[in-house]
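Participant: Quick one: the structure is below, and I'll ask about it shortly.
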Amino acid sequence: MERGKGNPLARCPWCDHQLDGYAAMGGARGNNPIPREGDFSLCVKCGHVLAFRADQTVRKITDKEAKEFQRWWKEYKRERLREFNKAKRKKMS
Ligand SMILES: [Zn+2]
């Protein structure tokens, strides 16, 4: 499968929306945009967090993964905010 192409296999298990972009959320397990088994994704339609299987289909996440995701998401937001503030300071000086 080529990078950036839609993934006809990936259907949201919650709302049955076909996920046409399949880039994994960078940072959870490295910055490789091609998803590996266990990488997290988000359904653009219903907003549920999903995880990739080895065959690039997606599944609901487990309770354990939900906790892992929450930890990662917190860290991700903190990181983005830091970058945002840095850029803002640069602009103002
Ligand atoms: Zn969905």
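Participant: Counting just the residues of the stretch 20-31 that are under 12 Å from the mean Cα position of the chain (by Cα) and modelled with pLDDT of 55 or more, which one comes out farthest from the ligand (Cβ to nearest atom)? So that I can check it myself, show each step before the final result.
Facilitator: Within the stretch 20-31, the first condition is being under 12 Å from the mean Cα position of the chain (by Cα), and the residues that meet it are 21-31.
So of that shortlist, the ones also modelled with pLDDT of 55 or more come out as 21, 25.
Working: G21: 13, M25: 15 Å.
If we take residues in the stretch 20-31 being under 12 Å from the mean Cα position of the chain (by Cα) and modelled with pLDDT of 55 or more, then M25 is farthest from the ligand (Cβ to nearest atom).
Participant: OK, next. Limited to the stretch 1-19, what total is found for residues that are modelled with pLDDT under 70 and within 16 Å of the ligand (Cβ to nearest atom)?
Facilitator: 2
Participant: In the stretch 41-93, which residues are surrounded by 15 or more Cβ atoms within 10 Å (Cβ to Cβ), within 14 Å of the ligand (Cβ to nearest atom) and farther than 16 Å from L9 by Cα?
Facilitator: Within the stretch 41-93, H48, V49, I61 qualify.
Participant: Right, next: What are the pairs, 6+ residues apart or on separate chains, where a residue within the stretch 41-53 that is under 16 Å from W72 (Cα atoms) has its Cβ under 9 Å from a residue that is of a type in the set (D, E)?
Facilitator: V49/E65; A51/E37; A51/D39; A51/E65
The values are calculated or read from the model by the stated rules, or taken from the named source; none is laboratory data. Worth saying up front: this structure is predicted, and the values here are computed from it rather than measured. Note that each Cβ is placed from the backbone with ideal geometry, even for glycine, and that neighbours are counted across all protein chains shown.
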